[in-house]
Amino acid sequence: MGISDVTLKTALQGRSPEQQKVIKYFMAPEGCFSKNISDEEYDQLVLSKYTGLNLKQRALDKTGVDESQVNEIPPCEFKNWHYDKNARAKRGKDGRMRTSAYQVTWLLFSDKQVYVYQYTFNMDEDGKKEKTEEYFYKDITNFSTSSESEEKETWEAGKGCLNKVPTVSRKNVDHDIFKLIVPGDQFSCDMINDSEAEDKIKAMKNKLREKKG
């Protein structure tokens, strides 16, 4: 199924020039003479917005702590594309999945508590979500990761000059989640599950065992 001009025009209404670029990246026809931004240019837009938010300092401000108070282990950041139900999703020409929402989470470790700050922003609209949580070590049962599948309407970039219109289909998209688990509840966030993340989680688990010991 392709994207109609009416659907695209409706999506662009009332959006800023940068937001329109993002919407066209996800929805507009492509081809040899397309003026849509590339995968790399979209990544740069996300990076620029993320950098400008200064979220580590915002995490400290929102949780009301000084960095000297949360140095049991180094503050930990997780970030990745966010697959909420309203986020646009697209597999780029490089084969990588991207969405129009991005989530950043900071975990801060004091001597008695873990402070959590999460900020989710959208690139195609002004919406954002921001929240803070606090957990005592004695209440935390585990730090874990999981791979979850989310059904998304995804845009597949057209190949070549003649196949300009993105293909739209519903697909299950796998993505990695970090979880902080307490009895009867859990906090979760999007993450990139790589060796760096594994080292961070190992440090958390070691600190949790130390605190519970």
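Would you say Val46 is in a loop (DSSP other than H, G, I, E, B), modelled with pLDDT of 95 or more, of a type outside the set (Ser, Thr, Tyr) and out of contact with any Pro (no Cβ under 8 Å at 6 or more places or on another chain)?
It is false that Val46 is in a loop (DSSP other than H, G, I, E, B), modelled with pLDDT of 95 or more, of a type outside the set (Ser, Thr, Tyr) and out of contact with any Pro (no Cβ under 8 Å at 6 or more places or on another chain).
Taking the stated definitions as given, is Ala28 without any contact (Cβ under 8 Å) to a residue 24 or more places away in the chain and open to solvent by less than 30 Å² (accessible area, probe 1.4 Å)?
Details: without any contact (Cβ under 8 Å) to a residue 24 or more places away in the chain: no; open to solvent by less than 30 Å² (accessible area, probe 1.4 Å): yes.
Criteria not met by Ala28.
Can you say whether Arg91 is charged (D, E, K, R), free of Cβ contacts under 8 Å to residues at least 60 places away in the same chain, crowded, with 16+ Cβ neighbours inside 10 Å and closer than 20 Å to Glu40 by Cα, as far as the supplied structure shows? Walk me through how you get there before you give the answer.
Values: charged (D, E, K, R): yes; free of Cβ contacts under 8 Å to residues at least 60 places away in the same chain: no; crowded, with 16+ Cβ neighbours inside 10 Å: yes; closer than 20 Å to Glu40 by Cα: yes.
No: the conditions fail for Arg91.
Within segment 15-25, is there a residue that is more than 24 Å from Asp174 (Cα to Cα), part of a loop (DSSP other than H, G, I, E, B) and of a type in the set (Lys, Arg)?
So far as segment 15-25 goes, yes, one or more of its residues are more than 24 Å from Asp174 (Cα to Cα), part of a loop (DSSP other than H, G, I, E, B) and of a type in the set (Lys, Arg).
Taking Lys85 as the residue in question, decide whether it is in contact with a Phe, Trp or Tyr (Cβ under 7 Å, 6 or more places away or on another chain), under 30 Å from Ser149 (Cβ atoms) and of a type in the set (Lys, Arg). Let's see the steps before the verdict.
Numbers: in contact with a Phe, Trp or Tyr (Cβ under 7 Å, 6 or more places away or on another chain): no; under 30 Å from Ser149 (Cβ atoms): yes; of a type in the set (Lys, Arg): yes.
Against the criterion (in contact with a Phe, Trp or Tyr (Cβ under 7 Å, 6 or more places away or on another chain), under 30 Å from Ser149 (Cβ atoms) and of a type in the set (Lys, Arg)), Lys85 does not qualify.
The rows are residues; the columns are (1) among the aromatic types (Phe, Trp, Tyr); (2) more than 30 Å from Leu45 (Cα to Cα).
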position	(1), (2)
Arg98	no, no
Trp106	yes, no
Tyr117	yes, no
Asp126	no, no
Lys131	no, no
Glu134	no, yes
Tyr137	yes, yes
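Mind checking which residues of segment 140-157 are under 30 Å from Glu210 (Cβ atoms), crowded, with 19+ Cβ neighbours inside 10 Å and either among the aliphatic types (A, V, I, L, M) or modelled with pLDDT under 90 (or both)? Full working, then the answer.
Going residue by residue through segment 140-157, those that are under 30 Å from Glu210 (Cβ atoms) are 140-148.
The next check asks that each one be crowded, with 19+ Cβ neighbours inside 10 Å; those that pass are 140, 143.
Scanning segment 140-157 gives a single hit, Ile140.
Restricting to segment 95-135, give me the number of residues that are among the β-branched types (Val, Ile, Thr) and open to solvent by 30 Å² or more (accessible area, probe 1.4 Å).
Going residue by residue through segment 95-135, those that are among the β-branched types (Val, Ile, Thr) are 99, 104-105, 114, 116, 120, 132.
If we keep only those that are open to solvent by 30 Å² or more (accessible area, probe 1.4 Å) as well, we get 132.
Qualifying residue count, segment 95-135: 1.
Give me the residue from segment 75-88 that is over 29 Å from Lys207 (Cβ atoms) and either of a type in the set (Val, Ile, Thr) or open to solvent by 30 Å² or more (accessible area, probe 1.4 Å) (or both) and, out of that set, modelled with the highest pLDDT. Write out each step before concluding.
Of segment 75-88, the ones over 29 Å from Lys207 (Cβ atoms) are 83-88.
Then keep just the ones that are either of a type in the set (Val, Ile, Thr) or open to solvent by 30 Å² or more (accessible area, probe 1.4 Å) (or both); that gives 84-86, 88.
Details: Asp84: 85, Lys85: 81, Asn86: 85, Arg88: 90.
Across segment 75-88, the extreme among qualifying residues is Arg88.
Taking segment 54-73 as the region of interest, how many residues are free of Cβ contacts under 8 Å to residues at least 60 places away in the same chain, at negative phi and in a loop (DSSP other than H, G, I, E, B)?
3
Show the residue pairs meeting these rules: Cβ distance below 6 Å; 6+ apart or different chains; first residue within segment 34-53 and at negative phi; second residue surrounded by 15 or more Cβ atoms within 10 Å (Cβ to Cβ) and outside any helix (DSSP H, G or I).
Pairs found: Asn36/Ala28; Asn36/Glu30; Asp39/Gly92; Val46/Tyr102.
How many residues are of a type in the set (S, T, N, Q), closer than 22 Å to Glu134 by Cβ and either in a helix (DSSP H, G or I) or touching a residue at least 12 places away in the same chain (Cβ under 8 Å) (or both) if we restrict to segment 169-213? Write out each step before concluding.
Initial filter on segment 169-213 (of a type in the set (S, T, N, Q)): 169, 172, 186, 188, 193, 195, 206.
Filter again for closer than 22 Å to Glu134 by Cβ, leaving 186, 188, 206.
Adding the requirement that they be either in a helix (DSSP H, G or I) or touching a residue at least 12 places away in the same chain (Cβ under 8 Å) (or both) leaves 206.
Of the residues in that region, 1 qualify.
The values are calculated or read from the model by the stated rules, or taken from the named source; none is laboratory data. Keep in mind it's a predicted model, so treat the numbers as computed, not measured. Methodologically, a virtual Cβ is constructed for each residue, glycine included, from the backbone with ideal geometry; neighbour enumeration extends over all protein chains shown. For the accessible areas, the whole protein counts, side chains as well, though only heavy atoms, and no ligand, DNA or RNA atoms are used. Shrake-Rupley method; radii C 1.70, N 1.55, O 1.52, S 1.80 Å.
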